[in-house]
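Encoded as C-alpha cells, the structure appears first; notes follow it.
The values are calculated or read from the model by the stated rules, or taken from the named source; none is laboratory data. Quantities reported herein were computed from a predicted structural model and do not represent experimental measurements. All Cβ positions, glycine included, derive from the backbone under ideal geometry; neighbour counts span all protein chains shown. Protein only, heavy atoms only, side chains kept; ligands, DNA and RNA dropped before computing areas. Shrake-Rupley method; radii C 1.70, N 1.55, O 1.52, S 1.80 Å.
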Amino acid sequence: HAATFLNKILSDANSVELEPLRRVMGMDARQFQEGIFCWKAFLYYKWQLRDLMPRIREVLNEIAIIRPIGNVDFDDKAYIAKIKIELRSWIFGAVESVTDSLAVYDAAYAAMTKQNEPAAFREFLLRAPAMFNSLGERLSSIEHVASFWRYRFPPKQLQRVPVDELVDIFMDFEQSLSSQAA
C-alpha cells in the first residue's frame, strides 16, 4: 500500500485518488498541490545534498591547496588567501542551512509516520512553498562551485592556474555564495 501511495503522490498531486488525503489534511486544492510539489522537491534536495557532499569536500580540499602561477601581486595573494577561507565558511554555512531546512521535513514526516501526528506534516506542506526557493538557491550555489571546479580541474588533474584566472573563478564563486549567506 505504501508503494502504491508513494507512486500516486510522485506522479500527480491532482489525482482524484489523493482527494481523501487532501480533505483529511484540511487543505484547499492549491495548498495541497503546492505542498505536494514542494514535498517532491524536498525529497529531490535530500538526494542532491547526499550526492553533493563528497564532491564538495573534495573540491574544498583542492581549493585549499591550489596555487596560482605567474606574477602574484600582494593584493591578489591577500585576496586568494582570504577567499579560500571565506568560500569554505560560506559553503558550510549553506550546507548547514540546507540541512536545517531538510530537518524540518524529516521531523514532520517522522511525526506523521511514527507518532501518528498528521497535523505536523500538514504544517510542513503549508510551510514548504515558502522554504522551497531559498533551499533550491543554496543547493544550486554549492552545486555550481562543485561542478564548475570539476569541469575546470578534472579529478586527479589539479593544475596550477594563472593568477588572473584563479581570481576570476574565486570571484564567481564568491558572488554566487555570498548572496546566499545574506
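Quick notes on this structure:
- Ranked order, Lys114, Lys77 - accessible area, probe 1.4 Å, largest first: Lys114, Lys77
- Cut-off under 5 Å, modelled amide H: who pairs with Val161 long-range: Arg67, Ile69
- Near Val72, no amide H atom lies under 5 Å from its own; only residues 5 or more places off or on other chains count, and H is placed 1.01 Å from N.
- Under the convention that each Lys and Arg Cβ holds +1 and each Asp and Glu Cβ holds -1, the size of the dipole of the stretch 59-158 around its Cα centre is about 300 debye.
- Bridging of Lys114 to lysines at a Cα separation below 29 Å is possible for Lys8, Lys40, Lys46, once same-chain residues fewer than 8 apart are set aside.
- Rolling a 1.4 Å probe over the protein heavy atoms gives the stretch 105-182 an accessible area of 54 Å² per residue.
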